[in-house]
Amino acid sequence: MILDTAIIIGERRLQSLLADGLRKACERQRPVLVSTVLRAPQHDPLAFFEHGGRIATERVFWSTPGGEYTLAGVDAAWTLAATGANRFADAAAAWRSLCADALIDDTFGVLGTGPILMGGFSFDPLRPATELWSAFPDGLLVLPRYLLTHADGASWLTINAVLTPDSTLSAEIEAALRVYELFEGEDAPSAPGGPLRHAEDVPEAEAWKAIVREVEQNLRRGALGKVVLARQYRVQGRGVFNPARVLAQLRVGYSDCFLFAVARGDHCFLGASPERLVRLRHENVRTSCLAGSIARGATPELDHQLGDELLASAKDRAEHEFVVRAICDALAEVCGGHLTTGAISLMKLRNIQHLFTPIVGRVSRGRNLLDLVERLHPTPAMGGTPREPALAMIREFEGMDRGWYAAPVGWIDARGEGEFAVAIRSALLRGSQAVLFAGCGIVAGSNPEREYAESCLKLRPMLSVLGGIS
């Protein structure tokens, strides 16, 4: 097996690297990151994620639209938890500090290999947390002990360790070689789940519409330009939800989305998001505006008609323009004049279509991805505008703990580059229970019935793979 040869060769390098790292940790009396990258056999990263549940309580998964690259991480070599309003800056500083003395053996330089942190952040750290999100702090980034990266038809395996003066070489080598177990067994399950036992709106539909109506009246008086209101949909399955099975179904039905999962014990937050928050690679920035929605049509003619209706909607175009303007303003300082917006178009997904505008730019050397995340989150598409008054109104009226819903999820490498998406079209799984989330942008003139119907459309991707609808 190719893995055997790679591990035998890599084990020698890794053992030497670990020994050097341990000496360095003892000399400096501080943790030292050690990372090595090996070629791996063709293997489904989703199966790697699935099998990781045998040996670890922490697992992470990430896949880009169209499968440009896929990352699956198992176990935690190091965990970074951040709290409060400074969570992005604190996380960036802690990661830079660890990477400064790192020993990295990576002769490939492939996107998504080497030491990377994977995870996400909460939507609003100022809102009191509830038990629902007890496993997910304001910020949680995990350095996987084992990371499988698939890109351009090939696979790579990264093994990470963070050594302290108390570490032992034999124990670290033994831990590294447990990676064998993740390549054994069948592919990830793909059979759909059974029908749901129970489902309910939280709050109830009419109560949520009343909230929308009250917020819209506030906006009509000119208090704000836009406020995004979210709601929950809670379901009970007939058996325990399997995150790998859910992801497998999303991969089939929503391959044009970012697929993500962060699993901690019996909790797993996952989804299929159509919206990139920001990508940074070689100082090039990519982000996008996705705001304004309508259903897909049952026939090509009806689909085209609905798309034209969305493009012609003054309400939706105004909502969309709020987001474009805010994103450009947020990035203006770091991109200077190197920021370009594309033409507005339609992004057509399986059951919904959105107004879409791509935005690209270039930042100065050394800029950290988490700095860009902090500048952009939350965009008006997720929070509203102006930002702080909109967040205050969400806290007052929404009546729920969003947790990580509509917040940044993604990854960052040792150079401070990587990619984050917005965690929409998502669900929090725990055993046989799941909480789904959907939100709508409310502006003056918004209709509560239409907003509720739009939120139902946004629930369909997750609901369909959990067994609620076909």
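Residues considered: LEU132, LEU117, LEU126. Of these, the only one that is surrounded by 19 or more Cβ atoms within 10 Å (Cβ to Cβ) and not β-branched (Val, Ile, Thr) is LEU117. Any idea which of SER293, SER288, SER345, SER313 is touching a Leu at 6+ places or on another chain (Cβ under 9 Å), within 28 Å of LEU224 (Cβ to Cβ) and loosely packed, with under 15 Cβ neighbours inside 10 Å? Exactly one residue qualifies, and that residue is SER345.
Would you list the strands (runs of 3 or more DSSP E) that sit entirely within the range 262-318 and hold 1 or more residues that are touching a residue at least 40 places away in the same chain (Cβ under 8 Å) and polar (S, T, N, Q)?
Passing ranges, in order: 267-273, 284-295.
Count of the range 100-142 residues, restricted to those that are at pLDDT 95 or above, among the hydrophobic types (A, V, I, L, M, F, W, C) and closer than 18 Å to GLY265 by Cβ, is 8. The residue pairs whose first member lies in the range 403-424 and is without any contact (Cβ under 8 Å) to a residue 40 or more places away in the chain, whose second member is open to solvent by 10 Å² or more (accessible area, probe 1.4 Å) and outside any strand (DSSP E or B), and whose beta carbons are closer than 6 Å, counting only pairs six or more residues apart or on different chains, do not exist in this structure.
Here ALA91 meets the list (1) crowded, with 18+ Cβ neighbours inside 10 Å; (2) out of contact with any Leu (no Cβ under 7 Å at 6 or more places or on another chain); (3) on the phi < 0 side of the Ramachandran plot almost entirely, failing just condition (2).
Restricting attention to the range 434-457, and to residues there that are in contact with a Lys or Arg (Cβ under 8 Å, 6 or more places away or on another chain) and surrounded by fewer than 17 Cβ atoms within 10 Å (Cβ to Cβ), which single residue is farthest from SER313 (Cα to Cα)? Among those residues, the one meeting the criterion is GLU449. Against the numbered list (1) under 28 Å from GLY66 (Cα atoms); (2) in contact with a strand residue (DSSP E or B) (Cβ under 8 Å, 6 or more places away or on another chain); (3) basic (Lys, Arg), ARG245 comes up short only at (2).
Scan the range 57-85 for residues that are at positive phi and in contact with a Ser or Thr (Cβ under 9 Å, 6 or more places away or on another chain) and report the count.
3
Selection within the range 348-395: residues that are more than 30 Å from LEU250 (Cα to Cα) and among the hydroxyl-bearing types (Ser, Thr, Tyr). The member of this set that is surrounded by the fewest Cβ atoms within 10 Å (Cβ to Cβ) is SER364. Within the range 332-370, track down each residue that is closer than 30 Å to ALA94 by Cβ and part of a strand (DSSP E or B). Matches in the range 332-370: LEU339, ILE359, VAL360, GLY361, ARG362.
One residue stands out in the range 26-80 among those that are in a loop (DSSP other than H, G, I, E, B) and of a type in the set (Ser, Thr, Tyr): the one that is most open to solvent (accessible area, probe 1.4 Å), namely THR57.
Residue by residue, here is whether (1) open to solvent by 20 Å² or more (accessible area, probe 1.4 Å); (2) touching a Leu at 6+ places or on another chain (Cβ under 7 Å) holds:
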| position | (1), (2) |
| --- | --- |
| GLU181 | yes, no |
| GLU206 | yes, no |
| GLY225 | yes, no |
| GLY237 | no, yes |
| PHE241 | yes, yes |
| ALA244 | no, yes |
| VAL252 | yes, no |
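If I filter the range 147-168 for residues that are open to solvent by 20 Å² or more (accessible area, probe 1.4 Å), of a type in the set (Asp, Glu) and at pLDDT below 90, do I get at least one hit? Yes, because at least one residue in the range 147-168 is open to solvent by 20 Å² or more (accessible area, probe 1.4 Å), of a type in the set (Asp, Glu) and at pLDDT below 90. Collect the residues in the range 1-35 that are at pLDDT 95 or above and of a type in the set (Val, Ile, Thr), keeping them in residue-number order. Within the range 1-35, VAL32, VAL34 qualify. Has the range 104-113 got at least one residue that is among the hydrophobic types (A, V, I, L, M, F, W, C), open to solvent by 40 Å² or more (accessible area, probe 1.4 Å), over 19 Å from SER63 (Cβ atoms) and in a strand (DSSP E or B)? Looking for residues that are among the hydrophobic types (A, V, I, L, M, F, W, C), open to solvent by 40 Å² or more (accessible area, probe 1.4 Å), over 19 Å from SER63 (Cβ atoms) and in a strand (DSSP E or B), one finds at least one in the range 104-113, hence yes.
The values are calculated or read from the model by the stated rules, or taken from the named source; none is laboratory data. Quantities reported herein were computed from a predicted structural model and do not represent experimental measurements. All Cβ positions, glycine included, derive from the backbone under ideal geometry; neighbour counts span all protein chains shown. Note: accessible area is taken over every heavy atom of the protein model, side chains too, but ligands, DNA and RNA are not part of it. Shrake-Rupley method; radii C 1.70, N 1.55, O 1.52, S 1.80 Å.
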